[in-house]
Amino acid sequence: MNRLVKYGLLTMFVAVVANALVQMITLSVSTVPTDFWPLGLGAVIISTVLTVGGATIVYGGITRFSTRPNRTFTIIAAVVLLFSFGSFVAPPSVLAAAPTSVLAALAVMHVIVAVVSIGVLTRAADNAETPKSIKNKPT
C-alpha cells in the first residue's frame with residue numbers, strides 16, 4: 001500500500017507537469033476563447049489529479065484481486081481513454097465552441113494521463129518483493 005501511494009503521487013506529479021506544459025503551449029499557439037474554463041490551469045490540475053487518483057485506486061483494487069494486474073489495468077485504462085474521447089465526438093456545450101486545436105490539446109492531455117498512469121503505476125507491483133520471493137532468496 002505504501003508503495004502504491006508513492007507511485008500514485010509520482011504519477012500525479014508527472015501527469016500534472018506534462019499536462020500543464022501542454023496547456024501552456026496550447027495557450028501560446030492557439031486562439032482560446034477567454035471564457036473557456038476547461039483549459040484553465042486550475043481545471044487542468046484538478047482534473048488530472050482526480051483522474052490519476054481514481055486510476056491509482058483502481059490499480060490498487062486490481063492488484064488485490066487479479067493475477068495479472070498490469071495487463072488488466074492497461075486494458076481498463078485503454079477502454080476508459082477510448083470512452084473519454086466521446087466528449088470530443090459529441091461535445092457538451094462547454095466544448096462545442098472550442099477550436100479544433102484546443103480540442104486536440106485536451107485529447108492529448110487525456111492520452112498523457114493514461115500513458116503516465118499505465119507507465120508509472122504498473123511499476124508499483126513490478127518492483128515489490130513478494131513473501132514467496134523473499135522466502136526463496138539465498139542468504
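Using 0.36 nm per residue of separation minus the Cα-Cα distance, give me the extension gain between Asp35 and Leu50 in nm, one decimal. Can you show the working numbers first?
Values: separation 15, 0.36 × 15 = 5.40 nm, distance 2.25 nm.
Value of the extension gain: 3.1 nm.
So, in nm, how far is label Ser66 from label Ala107 when the simple model puts each one 7 Å beyond its Cα toward the Cβ?
In this crude spin-label approximation the distance works out to 2.6 nm.
For the chain, modelled as a GNM with alpha-carbon contacts under 10 angstrom, which of Thr51, Thr100, Thr26 fluctuates the most?
Among Thr51, Thr100, Thr26, the largest GNM mean-square fluctuation belongs to Thr100.
Candidates (i) 11, 28, 20, 13, 10, 8, 7, 4, 1, 0, 0; (ii) 11, 40, 36, 12, 1; (iii) 11, 37, 28, 15, 6, 2, 0; which is the computed P(r) over Cα pairs in 10 Å bins from 0, in percent?
The value computed from this structure is option (iii).
Of Thr72, Thr31, how do they rank once you tally other Cβ atoms within 10 Å and put the fewest first? Provide the component values of the computation, followed by the final result.
Working: Thr72 16, Thr31 8.
By the 10 Å Cβ count, ascending: Thr31, Thr72.
Mind putting a number on the dipole of the chain about its Cα centre? Charges go on the C-beta only, +1 for Lys and Arg and -1 for Asp and Glu, and I need it in Debye to the nearest 20. Display every interim value, and only then the final one.
On the way: 9 positive and 3 negative charges, 172 e Å.
Here the chain has a charge dipole of around 820 debye.
Lys/Arg Cβ at +1, Asp/Glu Cβ at -1, dipole of the chain taken about the Cα centre: which of Gly8, Ile112, Pro33 is farthest positive-ward?
Sorting the options by dipole projection puts first Gly8.
Tell me the angle of helix 69-84 to the major Cα principal axis of the chain, expressed in degrees between 0 and 90 and rounded to the nearest ten.
Helix 69-84 sits roughly 10 degrees off the main axis of the chain.
Between Val80, Val14, Val111, find the one with the highest GNM mean-square fluctuation for the chain; connect C-alpha pairs within less than 10 Å.
The residue with the greatest mean-square fluctuation here is Val80.
With springs connecting C-alpha atoms under 10 Å apart, model the chain as a Gaussian network and identify which of Val16, Val108, Val29 has the largest mean-square fluctuation.
Maximum among the listed residues: Val29.
May I ask which residue of Val94, Phe65, Val22 lies farthest towards the positive end of the charge dipole of the chain, with charges of +1 (Lys, Arg) and -1 (Asp, Glu) on Cβ and the Cα centre as origin?
Going by the charge dipole, the pick is Phe65.
Where a number appears in this text, it was derived from the coordinates with a stated rule and is not lab data. Note that this is a predicted model, so its numbers are computed, not measured. All Cβ positions, glycine included, derive from the backbone under ideal geometry; neighbour counts span all protein chains shown.
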